[in-house]
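The values are calculated or read from the model by the stated rules, or taken from the named source; none is laboratory data. As the structure is a prediction and not an experimental result, all values here were calculated from the model. Here Cβ is always computed from backbone atoms with ideal geometry, including for glycine, and neighbour counts include all displayed protein chains.
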């Protein structure tokens, strides 16, 4: 777990092992968390999704004010990381 300021418990981070369609919106990713991962998206945990090629990530997180808009991260050359799970 990664610690956060003022929170000794930290934040749990879950990484989906199967690729996810990056066109999914907040509602689509929330459904993936509930249906396929079996977790509560409002738990305060962070959920990381990757695309099929492994060069794009989306992060979904509940920040006590609501589910944040998914953060999309493009990994470019030469800093590209391939996620093979």
Original post:
Identify, please: which residue in the stretch 34-52 is in a loop (DSSP other than H, G, I, E, B) and without any contact (Cβ under 8 Å) to a residue 24 or more places away in the chain and is, among those, surrounded by the fewest Cβ atoms within 10 Å (Cβ to Cβ)?
Top reply: 38
Original post:
Applying the selection to the stretch 1-16, what residues are in a loop (DSSP other than H, G, I, E, B) and either modelled with pLDDT of 85 or more or in contact with a strand residue (DSSP E or B) (Cβ under 9 Å, 6 or more places away or on another chain) (or both)?
Top reply: 1, 12, 16
